[in-house]
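Visitor: Below: one structure in structure tokens.
What follows is calculated from the coordinates using simple rules that are stated; it is not laboratory data. Computed from a predicted model, the values in this text were never measured in an experiment. Virtual Cβ from ideal backbone geometry, glycine too; neighbours counted across all protein chains shown.
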Amino acid sequence: MTKSLDIRNTSELQSWLRERIAFYLDQPADTIDPDTELTHYGMNSVYAVSLLADLETKLGVEIDYMQATWGYPTVNKLVEYLEALPANREGE
Amino acid sequence: MTALLSPAQVLAGAFDDYLGDPYAGGTPFSYDEIVAGDEASELPPNARSTIEKWGFHELLVPVEQGGRLRTLDELLHVCRVLSRRNPTIAVMYGSTLLAANPVWLWGSARQKRELADELLSGGLACFGVSEADHGSDLLSTEGTLVRENGGFRLNAAKWPVGNATRARFVTVLARTGERDLSLALVDKQQLSDGAVRHLPFVRTLGLKGHDLSGVEFHDAVLPGDALVGLPGIGVTQVLKTLQITRTAIAAMSLGVMDAVLRMGLGYAMDRRLYGDRIFAIPIIRHQLVQEHVNLFIGECTTLPISRALVLAPERLSLWSAIAKYLVPVTAEKTVHNVGVVMGARSYLREGVASGAFQKLQRDHAIASVFEGTTHVNLHWIAEQLPAVVASAGEPDDAAQDLLRQLFDLGDNTAAWHPDGRRLRLANGGLDEITAAWPLAVRRAEALLRGPRPPAAGAEILDLCARLSELRAALHHRIAATESWQSSSVAAITAAGEHCAHHAAVSCLLIWLDNRDRLGGAFADGGWLVLSLQRLLQRLGVTVAVDERHEAELAQQLEHGAEKKDWFTLASLPAG
Ligand SMILES: Cc1cc2nc3c(=O)[nH]c(=O)nc-3n(C[C@H](O)[C@H](O)[C@H](O)COP(=O)(O)OP(=O)(O)OC[C@H]3O[C@@H](n4cnc5c(N)ncnc54)[C@H](O)[C@@H]3O)c2cc1C
């Protein structure tokens, strides 16, 4: 997975996350509501780790897995978390 | 066969007639040959060819792939008929279906065609997921599937797995990356010598003659299109696949319940002590009637869930776990209690029903273990409970429509079109069935106020009121738990209670939605009183036995034993 996602583009980030989550759950992306907790979809911690690892590769950032999984449990919250990452602020 | 609970039973009825009376003797599906096969740890001679001649194996292949698998409820009834005689054979084909379903759900056109050809010509398949050291912990799977020269190199040891030696095709779960697990379809015939090694048959308590063994792949080279679906979602695929066969295992339990009840009842009619049949001894009659009630509860719970594969596949993650937990453990109790009635005869490998009771008991013991143990299923249910309770609102029009289609068994559902993306890992809180409880109780109240109130209406409402209280308390307990730990003992206990409530709604809705069509004793509702009482007992409530309804059902049982009808809700006498 090459780095190609723009962390400052909220809608791009959101739709990429929905697509990726839908991939792991094997269900259509439009069934993933960005404000619903991912555990409601049966997204367990292991897939969450896979998702966060994908994000690290894609965005070139470092993510605190524990903090991201427990503190930011929905697509929109994850977007907020990513946008607030220090690496991102430095890049601005 | 007299009455039909559902047109989905027609095929199973024909199969039942084809297999003949298991007590008659001298056929591969009569108890004498079944027990002889069990003693020799073999399938009875000609057992496979007999059912293949009928086309049983075609039921493993969906209609769109050229087979006869139309709906899960149809398959379920057929599986029940087979398990009533020989669960070993049901497991042999069930394991094949388990291996085939990922291909029907996600496979390529080529994979579907090749597997369909193999199964339609009588071959078996193997679901190679378990590894000796990891059991339920799928994420620790060690087998590897490494990309190489446009193909894959497979190294894996799968044990204990069904049909591992006899099957040509194996659906394997293995690691395609550090974090990625994927499914591949392996055709053993395409592998070079030495790439596949079979492990010896495992000696087991029951299912004797089933090929429970293992398979090892050593640097097996697979073609580039060997994956089933996309890489990286293997565990999702396995969990979704299990939703279908977990429901079918409940049917196996129903078949065994049916068989042992018939044995117990036959024995109670024939055995004379103190100058009368032992059926006249109150506690014997009570036990047989109560176990029959368990069968009703199992039917009411399982049949709507099997219809959900077509009508609401998005709900099966929760519902299939409920069927898989509740029906096998209920059946275990039934088998045990009928064994008590049969006394010494339950312990003999000869005599009553040629000694088949102990064979069925040993075979059935697997039902609560494979495809997720009892506790694993309860854990899956517990994970979903807070969301289910939070969204347990009144069913809207769409939900009511779905409920009617699930519970009115008078109509066949459309054919199943396998599509993995319609199955879900979790219900997301959506559970029309248990949410329907208040509505179902109101419908029962309205019936009682109507022009032709059902005979047992008042008792039903009284029991509903008690169940409503327990349900409210359970929901409150779940909602009030601040950080829900789904693996805690409290959560697992709550999951078990939730299953009893699920069964109670199911019984009530089956009654409401099929009364007009079935009429008679079914519509009167004595069976429902006994079922709800049994579920209350399951929830730890002391309930006095309703002797009047027990006596009625005892009479019906006696009548059914003579007629050799199916033991089902539909065989309750017409008005
Ligand atoms: C007859 C037979 C046929 C089989 N057929 C197949 C087949 O075709 N394909 C295949 O892949 N496998 C097959 N298996 C293997 C079977 O699926 C596994 O045995 C099953 O998954 C359980 O694994 P285990 O026995 O190793 O128990 P473990 O997973 O080691 O569990 C040990 C104990 O821990 C409990 N436990 C585990 N996880 C949890 C949890 N999350 N919450 C609470 N308790 C938990 C269990 O209930 C159990 O009591 C078969 C097994 C048998 C006996």
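Visitor: Residues with amide H under 5 Å of B:Leu199's amide H, sequence separation 5 or more or different chain, H placed in the peptide plane at 1.01 Å from N; which?
Guide: Under 5 Å from the amide H of B:Leu199 lie the amide H atoms of B:Gly214, B:Val215, B:Glu216, each far enough along the sequence or on another chain.
Visitor: Ok, one more. Determine the shape class of segment B:167-260: with a ≥ b ≥ c the square roots of the Cα gyration tensor eigenvalues, call it rounded for a/c under 1.5, and otherwise prolate if a/b is greater than b/c, oblate otherwise.
Guide: Details: a/c = 2.74, a/b = 1.43, b/c = 1.91.
The shape class here is oblate.
Visitor: Give me the one-decimal nm value for the distance between modelled label points at B:Glu178 and B:Asn149, 7 Å along each residue's Cα-to-Cβ direction.
Guide: Simple spin-label model gives 2.8 nm for this pair.
Visitor: Hey, what do the phi angles of segment B:248-253 turn into as Karplus ³J(HN,Hα) couplings, whole Hz, using 6.51/-1.76/1.60 and θ = phi - 60°, x for Gly and Pro?
Guide: Values, residue by residue: 5, 5, 4, 5, 4, 5 Hz.
Visitor: Round to the nearest 0.05 the FRET efficiency obtained for B:Asp17 and B:His286 when R0 = 22 Å and r is the Cβ-Cβ distance.
Guide: Details: r = 33 Å, r/R0 = 1.49.
That gives a FRET efficiency of 0.10.
Visitor: Using 1/(1 + (r/R0)^6) with R0 = 30 angstrom and r between the beta carbons of B:Leu230 and B:Asp396, what's the FRET efficiency to the nearest 0.05? Can you show the working numbers first?
Guide: On the way: r = 35 Å, r/R0 = 1.16.
Using R0 = 30 Å, I get an efficiency of 0.30.
Visitor: Using the Karplus curve 6.51 cos²θ - 1.76 cosθ + 1.60 with θ = phi - 60°, what ³J(HN,Hα) values do you get for each residue of segment B:516-525, in whole Hz, with x for Gly and Pro?
Guide: 4, 6, 8, x, x, 5, 4, 5, 4, x
Visitor: Just to verify a number: FRET efficiency for B:Glu562 and B:Ala36, C-beta to C-beta distance, R0 = 22 Å, to 0.05? Walk me through the numbers before you get to the answer.
Guide: Working: r = 28 Å, r/R0 = 1.28.
My answer for the efficiency is 0.20.
Visitor: At a 10 Å Cβ-Cβ cut-off, how would you order B:Ser213, B:Ser108, fewest neighbours first?
Guide: Details: B:Ser213 20, B:Ser108 15.
Placing the least packed residue first, the sequence is B:Ser108, B:Ser213.
Visitor: Shifting gears a bit: I'd like the distance between the alpha-carbon centres of segment B:163-214 and segment B:58-129, rounded to an integer number of Å.
Guide: Centre-to-centre distance over Cα atoms comes out at 17 Å.
Visitor: Let me ask something else about it. Is segment A:10-83 best put as rounded, prolate or oblate by its Cα gyration tensor, with a ≥ b ≥ c the root eigenvalues, rounded for a/c under 1.5, and otherwise prolate when a/b is larger than b/c, oblate when not? Mind showing how you got there, number by number?
Guide: Working: a/c = 1.38, a/b = 1.23, b/c = 1.12.
Because its axes are fairly even, with a/c under 1.5, segment A:10-83 counts as rounded.
Visitor: Put +1 on the Cβ of every Lys and Arg and -1 on every Asp and Glu Cβ in segment B:126-228; which of B:Ala195, B:Ser213, B:Ser130 then has its Cα farthest towards the positive end of the dipole?
Guide: The listed residue farthest towards the positive side: B:Ser213.
Visitor: Let me ask something additional. Taking the Cα centre of each part, how many Å lie between segment A:19-71 and segment B:438-506?
Guide: Centre-to-centre (Cα) distance: 35 Å.
Visitor: Shifting gears a bit: What's the extension gain from B:Glu314 to B:Asp276 if we count 0.36 nm per residue and subtract their Cα-Cα distance? Each step should come with its number before you reach the end.
Guide: Values: separation 38, 0.36 × 38 = 13.68 nm, distance 5.40 nm.
Here the segment from B:Glu314 to B:Asp276 would lengthen by 8.3 nm.
Visitor: Taking a ≥ b ≥ c as the square roots of the Cα gyration tensor eigenvalues, with a/c under 1.5 meaning rounded and otherwise prolate when a/b beats b/c, else oblate, which class fits the protein assembly as shown?
Guide: On the way: a/c = 2.18, a/b = 1.32, b/c = 1.64.
Oblate.
Visitor: Counting helices only, and only those DSSP H runs with n ≥ 4, report the 222 nm mean residue ellipticity of the protein assembly as shown as the sum of -39,500 (n - 2.57) divided by its residues, in deg cm²/dmol to the nearest 500. Walk me through the numbers before you get to the answer.
Guide: Working: 24 runs with 361 residues, N = 667.
Theoretical 222 nm ellipticity from helices: -17500 deg cm²/dmol.
Visitor: Another one. If you look for lysine pairs in chain B that are eight or more places apart or on different chains, how many of them have Cα atoms under 15 Å apart? Working shown, then result.
Guide: Working: B:Lys158/B:Lys188; B:Lys208/B:Lys359; B:Lys240/B:Lys324; B:Lys324/B:Lys333.
So the count of such lysine pairs works out to 4.
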